[in-house]
Amino acid sequence: MTAEPHPLDLLRAEAQTATVPDVRRELDELSAQHFEVLNSAHWGAGAEDTLRGSIGMGRKMGMEMRLGLGDDWDRLPLRKTAPLAEMGLPQLLAEARAGREHLLLVLDELLWAAQTREIRAWCYGEEVPPKLYILGLRRRLSALDGRVAGERNITG
């Protein structure tokens, strides 16, 4: 029996042909699709819990990148967040959108800083260079977005 490859091994293989600008554009496209889902008027009963989990993971991904930024973190605008447990569906939908926009801002700062010095961020439990990080971020955001989209009540 062969073991499943570690997610980082898959990213390393993909990094052989992927470019950071292409993956960054794909993240914009993925986010635009996610924003369309967030604008949906009809949600299932589990939407709030799913959104809380997704937003929490997005916040964690932002911290992964902030750790890699070190002192460059100070250039980022302060974004105050509220406890997710206290938010209802309308607030969670707004927070999901704002959180994604901020996450991409942090990613852009990480990519900018990586042009002038070595940067590493945490992904799948290891420190990785930005090229692997952005590939992992795309994979993880896509999975989270799929879970959120699954909570839409298509029948309305």
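The values are calculated or read from the model by the stated rules, or taken from the named source; none is laboratory data. These figures come from a predicted structure and were not determined experimentally. Note that each Cβ is placed from the backbone with ideal geometry, even for glycine, and that neighbours are counted across all protein chains shown. Calculation scope for accessible area: heavy atoms of the full protein, side chains included, ligands and nucleic acids excluded. Shrake-Rupley method; radii C 1.70, N 1.55, O 1.52, S 1.80 Å.
For the reader, a short list of remarks on this structure follows.
- Flag for Thr17 being among the hydroxyl-bearing types (Ser, Thr, Tyr) and more than 20 Å from Cys123 (Cα to Cα): no
- In the condition set (1) without any contact (Cβ under 8 Å) to a residue 60 or more places away in the chain; (2) within 13 Å of the chain's Cα centre (by Cα); (3) open to solvent by 20 Å² or more (accessible area, probe 1.4 Å); (4) closer than 28 Å to Gln16 by Cα, Pro129 is compliant with all but (2).
- Residues in region 109-154 that are among the aromatic types (Phe, Trp, Tyr) and in contact with a Cys (Cβ under 8 Å, 6 or more places away or on another chain): Tyr133 only.
- Number of residues in region 56-76 that are in contact with a Leu (Cβ under 9 Å, 6 or more places away or on another chain) and either on the phi > 0 side of the Ramachandran plot or open to solvent by less than 70 Å² (accessible area, probe 1.4 Å) (or both): the value is 11.
- Looking only at region 22-51, and only at residues there that are of a type outside the set (A, V, I, L, M, F, W, C), touching a helix residue (DSSP H, G or I) at 6+ places or on another chain (Cβ under 9 Å) and within 20 Å of Leu137 (Cβ to Cβ), the one that is surrounded by the most Cβ atoms within 10 Å (Cβ to Cβ): His34
- Of all residues in region 85-94, those satisfying the criterion of being open to solvent by 30 Å² or more (accessible area, probe 1.4 Å) and either more than 16 Å from the chain's Cα centre (by Cα) or among the basic types (Lys, Arg) (or both) are Ala85, Glu86, Leu89, Pro90, Gln91.
- The set of residues from region 106-126 being surrounded by 17 or more Cβ atoms within 10 Å (Cβ to Cβ) and of a type in the set (Gly, Ala, Ser) comprises Ala113, Ala114, Ala121.
- Identity of the residue in region 95-114, within 23 Å of Glu48 (Cα to Cα) and acidic (Asp, Glu), that ends up nearest to the chain's Cα centre (by Cα): Glu101
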